[in-house]
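Enquirer: There's a structure below that I have some questions on.
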Protein chains: 2
Amino acid sequence: MAGRITAVSIVDAIAADLRSRIFSGELGSGHTLTETDVASSYEVARPTAKASIEKLVAEGLLDRGTHKTARVVELGPDSVRDIYLARAYLESEVLRRLARTRDVPEAAVQANRDIAALQTGAPLDVIEPDMRFHTSLIDAVGNERISRMYRSLVGEVRLCMVRIQSLHLLDTALIQAEHQKILELIEAGRGDAAAELLDEHLGRARERLVAAMGGIAGPEAGARSELLPE
Amino acid sequence: MAGRITAVSIVDAIAADLRSRIFSGELGSGHTLTETDVASSYEVARPTAKASIEKLVAEGLLDRGTHKTARVVELGPDSVRDIYLARAYLESEVLRRLARTRDVPEAAVQANRDIAALQTGAPLDVIEPDMRFHTSLIDAVGNERISRMYRSLVGEVRLCMVRIQSLHLLDTALIQAEHQKILELIEAGRGDAAAELLDEHLGRARERLVAAMGGIAGPEAGARSELLPE
DNA sequence: CGCCCTTCGATTGTCTAACAAGTACACATG
DNA sequence: CATGTGTACTTGTTAGACAATCGAAGGGCG
């Protein structure tokens, strides 16, 4: 298998590019995306741009009402709590299940090694391997629905992350150590303990996000900063 | 609030109609839906029909690859296990949470009353209040993400149901009694017991579905019956 | 006679152009 | 100041068209 080729449609390609631009922070919360703008900037027809936008709306990354311009969703503290609670629901059950068969997924081990390796560099770099750690745990149970649901949450989590410029809030070493401990608990068959530690792990991250969002910027900060360049 | 007015777009209206036709069994598993067919039968333009189809694909009710006609998804025993496991993950955590505050949602009580009331009539009639019972429990925690995820599962559950013509497999009285017991356990604050009973409740339903699907018809039965009218 | 290749119909992906309908904001009016 | 009007911008929907692709039918060849 020599690097599986994938012919993505134009709609998918544009959606993917917009998504990565949202995750990179280039398109911040509240940023508006009109169909014509997207169409002209990618040099495609408006229906194509429209379809891309609707794809991201379905993913929960964009928000829009009928006859209104789409905009990058603005997540408030309440949304963060919802998202992290949903994560905890899914992931703690997954940990219990993995512990029952003492199945430590290799991909998760590798992801955590990657986190340990990058202790220098930009703080944003920890996001990708961190997400990969958690998703590989989820994927390990081989339940397509659960993986799909978790992935939609991951998208929103990343949206939270870019809202917080000051990502030095995240203690890379602590994250890595807790991941390691979770893996060890799975291997020891102690599912309940693993789930409990995960709850702490996610709970701490959530509270830091909420505190940072509440203290530094309200949910409408993105829209406000959008007014300046005009 | 006098009956909130909602102006649905044509795309949404068609998607809703197709969805109900799928749930009613009129469009069985494997049934093909070409864009032109949908467009002409609803007398709309093809792009409109296309958008409706893509909406249902995103919901997981239809399945299609690039350049291939959409068809109603065919769920095998493995999918049923995945779906019911995912349901159990979400719902058991929700029960624990509701029990913590001893919060018995009125909507769930009403739904179970409705089940008790219809002990006569067609076996399909139990599906709607049964689903309503479970979704009102989920909605009671007020977490938009979890509600959204559960709703996508409910769609697939209903898809399972219509595959099983012989719904007399379902014992209405038993369902109603177990629901009642779950509500009582929530009120008593015994979350773990409620979650355990729910696991049994869902597990039994799942095993009956799997047995019925495996014994009566394989995953490709829908496609086979599709050949006959030709 | 069976298999491979070509061809063709059907279907989807995408585009252009256009009109209808709705929203938002500025403006004028009372 | 509140209200209504109007205009510009944006989206919803349609029509028709062409290219690309898939699936199957048919013909040529071993």
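The values are calculated or read from the model by the stated rules, or taken from the named source; none is laboratory data. Given the structure is predicted, the values throughout are model-derived calculations rather than measurements. All Cβ positions, even for glycine, are placed from backbone atoms using ideal geometry, and neighbour counts span all protein chains on display. Ligands, DNA and RNA are stripped out before the accessible areas are found, and what is left, the full protein with its side chains, is counted by its heavy atoms. Shrake-Rupley method; radii C 1.70, N 1.55, O 1.52, S 1.80 Å.
Enquirer: Of the residues A:L18, A:L27, only one is hydrophobic (A, V, I, L, M, F, W, C), in a loop (DSSP other than H, G, I, E, B) and not assigned by TED's automatic domain parsing to the domain that holds A:I164; which?
Expert: A:L27
Enquirer: A further question on this structure: Would you point out which residue out of B:S79, B:S147 is more than 19 Å from B:R206 (Cβ to Cβ), surrounded by 17 or more Cβ atoms within 10 Å (Cβ to Cβ) and within 12 Å of another protein chain (Cβ to nearest Cβ)?
Expert: On the way: B:S79 fails: more than 19 Å from B:R206 (Cβ to Cβ).
Going through B:S79, B:S147 in turn, just one is more than 19 Å from B:R206 (Cβ to Cβ), surrounded by 17 or more Cβ atoms within 10 Å (Cβ to Cβ) and within 12 Å of another protein chain (Cβ to nearest Cβ): B:S147.
Enquirer: A follow-up question, please. Which numbered condition trips up B:R71, out of (1) within 14 Å of chain A (Cβ to nearest Cβ); (2) open to solvent by 70 Å² or more (accessible area, probe 1.4 Å)?
Expert: (1)
Enquirer: Do we have any residue at all in region A:71-87 that's part of a loop (DSSP other than H, G, I, E, B) and either of a type in the set (S, T, N, Q) or within 16 Å of DNA strand C (Cβ to nearest atom) (or both)?
Expert: yes
Enquirer: For residues that are touching a Lys or Arg at 6+ places or on another chain (Cβ under 7 Å) and either more than 12 Å from chain B (Cβ to nearest Cβ) or more than 10 Å from DNA strand D (Cβ to nearest atom) (or both), scanning just region A:34-61, find the one that is most open to solvent (accessible area, probe 1.4 Å).
Expert: Ranking the candidates gives A:T36 first.
Enquirer: Quick check on this structure: which one of B:A116, B:A108 is modelled with pLDDT of 95 or more and either more than 14 Å from chain A (Cβ to nearest Cβ) or closer than 30 Å to A:D12 by Cα (or both)?
Expert: It is B:A108.
Enquirer: Right, another one. Looking at A:R64, A:R100, which is the one that is open to solvent by 60 Å² or more (accessible area, probe 1.4 Å) and more than 16 Å from DNA strand C (Cβ to nearest atom)?
Expert: Answer to the check: A:R100.
Enquirer: When region A:82-103 is examined, which residues are found to be at the interface with chain B (Cβ under 9 Å from one of its Cβ atoms) and β-branched (V, I, T)?
Expert: Answer for region A:82-103, where residues must be at the interface with chain B (Cβ under 9 Å from one of its Cβ atoms) and β-branched (V, I, T): A:I83, A:V94.
Enquirer: Next up: Would you mind stating whether B:I10 is within 13 Å of DNA strand C (Cβ to nearest atom), open to solvent by less than 10 Å² (accessible area, probe 1.4 Å), more than 26 Å from B:D139 (Cα to Cα) and in contact with a helix residue (DSSP H, G or I) (Cβ under 8 Å, 6 or more places away or on another chain)?
Expert: No; evaluated as a whole, the condition is false for this residue.
Rundown of residues vs (1) assigned to a helix (DSSP H, G or I); (2) modelled with pLDDT under 85; (3) surrounded by fewer than 17 Cβ atoms within 10 Å (Cβ to Cβ), yes/no style:
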| residue | (1), (2), (3) |
| --- | --- |
| A:F133 | yes, no, no |
| A:V162 | yes, yes, no |
| A:I182 | yes, no, no |
| A:L185 | yes, no, no |
| A:R224 | yes, yes, yes |
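Enquirer: Kindly check whether there is at least one residue in region A:14-32 that is within 14 Å of chain B (Cβ to nearest Cβ) and either modelled with pLDDT of 95 or more or exposed (fewer than 15 other Cβ atoms within 10 Å of the Cβ) (or both).
Expert: For region A:14-32, residues within 14 Å of chain B (Cβ to nearest Cβ) and either modelled with pLDDT of 95 or more or exposed (fewer than 15 other Cβ atoms within 10 Å of the Cβ) (or both): absent.
Enquirer: Here's a check for you: in region B:135-144, which residue that is open to solvent by 40 Å² or more (accessible area, probe 1.4 Å) and within 17 Å of A:V80 (Cβ to Cβ) is nearest to the other protein chains (Cβ to nearest Cβ)?
Expert: So the residue we want is B:E144.
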